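Worksheet for the structure shown next.
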Amino acid sequence: RAKSTVSAPASAPKDAPAAAAKEAAAEATSSSSESVPIGNTVVAMTLAIATVSAGAALAENATASMVPTFDPKQQRFDQSTFMGRLSKMLLACDPSLLFYSGEEVRRCKAMVDDYERHLQSLPEGISETEMSRKLWEAQRVASAALHPDTGDSIPHPFRMSGYVPFNGPICVAMVASQSTSAL
């Protein structure tokens, strides 16, 4: 039976694989700052967050006077139109939803659960339209942070409102980085 063996050339030192690995690591470390444009990634991330936040604020302000009476089984925006679908998604992706505390989210959920009482007994000086707007906002905050079936809090990176701030930099860095040689 013949054994096949691969041997290193006589002139190569025995620690050649370790030396090659060290050289590759040093090359990767020295070129890592050149291969991922961190400054461009931060600028793109900031612009993306500002764009989505501005779009959400614009959608909220443009539709504030046309708020329908709150009904948790209905949609706030007409989903048969492009603007209705766009407004819904802009408000769902709004990064400001990431800043609500767990206590504020639970308060909003309780407000939505007790919406009938809020609509029937309006506080002094608050119209039904204003209360409906507050209820729609409470529903937006609660649905952005809580799982619809279990009611558990969704971790920030996995929320729709976390898509741009958490995934945007990764996507920009992957697209903007230089390719590396095969190992």
Taking the highest mean first, how do the peptides 129-135, 63-69 order by number of other beta carbon atoms within 10 angstrom per residue? 129-135, 63-69
Expressed as a whole number of Å, what is the distance separating the alpha-carbon centroids of segment 38-87 and segment 103-138? 21 Å
Kindly report the accessible area of segment 41-120 per residue (heavy atoms of protein chains, probe 1.4 Å, no ligands, DNA or RNA), in Å². 62 Å²
Can you work out ³J(HN,Hα) from phi for every residue in segment 98-112, in order, using Karplus 6.51 cos²θ - 1.76 cosθ + 1.60 and θ = phi - 60°, giving whole Hz and x for Gly and Pro? 6, 8, 7, 6, x, 5, 5, 5, 5, 5, 5, 5, 5, 5, 5
Directionally averaged shadow of segment 104-183, computed from the convex hull of its alpha-carbon atoms, nm²: 8.5 nm²
Under 11 Å from the Cβ of residue 123, count the other residues' Cβ atoms, weight Lys and Arg +1, Asp and Glu -1, and hand me the total. -1
Cβ-placed point charges (K, R +1; D, E -1), dipole of segment 67-168 about Cα centre in debye, nearest 20: 300 debye
Under Karplus coefficients 6.51, -1.76 and 1.60, residue-wise ³J(HN,Hα) of segment 56-71 in Hz, glycine/proline x: 5, 5, 5, 4, 5, 5, 5, 9, 4, 7, 10, 6, x, 4, 5, 8
The set of residues whose placed amide H lies less than 5 Å from the amide H of residue 146, leaving out same-chain residues fewer than 5 positions away, is 154
Can you give me the % of accessible surface on segment 47-162 that is carbon or sulfur? Probe 1.4 Å, all protein chains present, nothing else counted. 59 percent
For segment 55-93, state which trypsin sites (Lys or Arg not before Pro) are in a DSSP loop and have at most 16 other beta carbons lying within 10 Å of their beta carbon. 73
Solvent-accessible ranking of 150, 81, 180, largest area first, probe 1.4 Å: 180, 150, 81
Rounded to whole Hz, the Karplus (6.51, -1.76, 1.60) HN-Hα couplings of segment 131-139, x for glycine and proline: 5, 5, 5, 4, 5, 4, 5, 4, 5
Rough spin-label spacing in nm, given labels placed 7 Å along Cα→Cβ, for residue 35 and residue 124: 6.8 nm
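The values are calculated or read from the model by the stated rules, or taken from the named source; none is laboratory data. As the structure is a prediction and not an experimental result, all values here were calculated from the model. Cβ: placed from backbone, ideal geometry, glycine included. Neighbour counts: every protein chain shown. Heads up: the accessible areas ignore ligands, DNA and RNA and are worked out on the full protein's heavy atoms, side chains in. Shrake-Rupley method; radii C 1.70, N 1.55, O 1.52, S 1.80 Å.
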